[in-house]
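Input: a single structure, listed below in structure tokens.
The values are calculated or read from the model by the stated rules, or taken from the named source; none is laboratory data. Predicted, not measured: the structure shown is a model, and the values here were computed from it. Neighbour counts run over all protein chains shown; Cβ positions are idealised from the backbone, glycine included.
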Amino acid sequence: MIFLGIGSNLKSSFGNRFSNILRTLDLIKYEKIEVLKISNFYETPSYPNKKYPKFINIVIQIKYKYGFENLLKKILIIEKKMKRTRGIKNQPRTCDIDIIDFNGEILNKKNIILPHPKLHERNFVLYPLKEICPTWIHPIMNKKVDVLIKNLSLITRNEITRIKESDILESNDK
């Protein structure tokens, strides 16, 4: 199973944070990446600088017949189309796509670490991941997603909000 995390905390020429994620999903499909499952939208404070705008995040499960390096190239193309700029680490961005897990592969290369090295610390990855794959197990830690969520601090577990569909539609009307 392959899981991607998608986030946005800036408006763009495509619209608000929700519109950015929906446009990113369209671009993913355009690149011939089959989307199997999509989580609800979740809102969290920006990390590590909570003064930045809040993030909207989702996790998707995809089917992809090529390797992770090819997928990474496509992700970088999509982020560029979404006008993501790379500068200061963790700065606000219109689009952020992370490979969370690529078929359980474990690897540490200069340009990519699999599974994502911080996924077990991130509420905005774990909650949507649990929603679409409640049986998922971390390939290195060998722990279920439920256990990883329980290991988060109470503050981190409380700093996430699932966004109702009506709030998304209302937000897109603005």
Check your understanding: Quick check, is V59 part of a strand (DSSP E or B) and more than 22 Å from L148 (Cβ to Cβ)?
Key -> no
**Study point:** Residues located in region 1-24, provided they are more than 23 Å from Q91 (Cβ to Cβ) and not in a strand (DSSP E or B)
**Key:** M1
Review point. Out of the residues in region 139-153 that are part of a loop (DSSP other than H, G, I, E, B) and surrounded by fewer than 18 Cβ atoms within 10 Å (Cβ to Cβ), which is nearest to the chain's Cα centre (by Cα)?
Key: P139
Practice item. Among the residues of region 26-56, write down those that are among the charged types (D, E, K, R), out of contact with any strand residue (DSSP E or B) (no Cβ under 8 Å at 6 or more places or on another chain) and touching a residue at least 24 places away in the same chain (Cβ under 8 Å). Key: E31
Revision key, fill the gap. If we ask which residues in region 101-126 are of a type outside the set (S, T, N, Q) and either surrounded by 22 or more Cβ atoms within 10 Å (Cβ to Cβ) or under 20 Å from Y42 (Cβ atoms) (or both), their number turns out to be 12
**Study point:** Whichever residue in region 37-58 is of a type outside the set (A, V, I, L, M, F, W, C) and surrounded by 20 or more Cβ atoms within 10 Å (Cβ to Cβ) and, among such residues, is nearest to M1 (Cα to Cα)
**Key:** S39
Exercise for review: Quick one: which residue in K118, K83 is under 27 Å from N151 (Cβ atoms), among the basic types (K, R) and at pLDDT below 95?
Suggested key: K118
Practice item. Would you mind telling me which numbered condition in (1) modelled with pLDDT of 95 or more; (2) surrounded by fewer than 16 Cβ atoms within 10 Å (Cβ to Cβ); (3) charged (D, E, K, R); (4) within 18 Å of I28 (Cβ to Cβ) D98 fails? Key: (2)
Check your understanding: Checking T135 against (1) closer than 21 Å to K37 by Cβ; (2) surrounded by 13 or more Cβ atoms within 10 Å (Cβ to Cβ), which test does it fail?
Key -> (2)
Review point. So which pairs qualify, if the first residue must be in region 1-25 and within 17 Å of R122 (Cβ to Cβ), the second must be part of a strand (DSSP E or B) and among the acidic types (D, E), the Cβ gap must be under 6 Å, and the two must be at least 6 apart or on different chains?
Key: F3/D101; G5/D98; G7/D96
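Residues checked against (1) on the phi > 0 side of the Ramachandran plot; (2) under 16 Å from the mean Cα position of the chain (by Cα):
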| site | (1), (2) |
| --- | --- |
| L27 | no, yes |
| K50 | no, no |
| I56 | no, yes |
| G67 | no, no |
| I75 | no, yes |
| K83 | yes, no |
| K89 | no, no |
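Mind checking which residues of region 76-111 are β-branched (V, I, T) and either farther than 23 Å from I38 by Cβ or in a strand (DSSP E or B) (or both)?
Within region 76-111, the subset β-branched (V, I, T) is 77-78, 85, 88, 94, 97, 99-100, 106.
Once the filter is applied, which keeps residues that are β-branched (V, I, T) and either farther than 23 Å from I38 by Cβ or in a strand (DSSP E or B) (or both), region 76-111 yields T85, I88, I97, I99, I100, I106.
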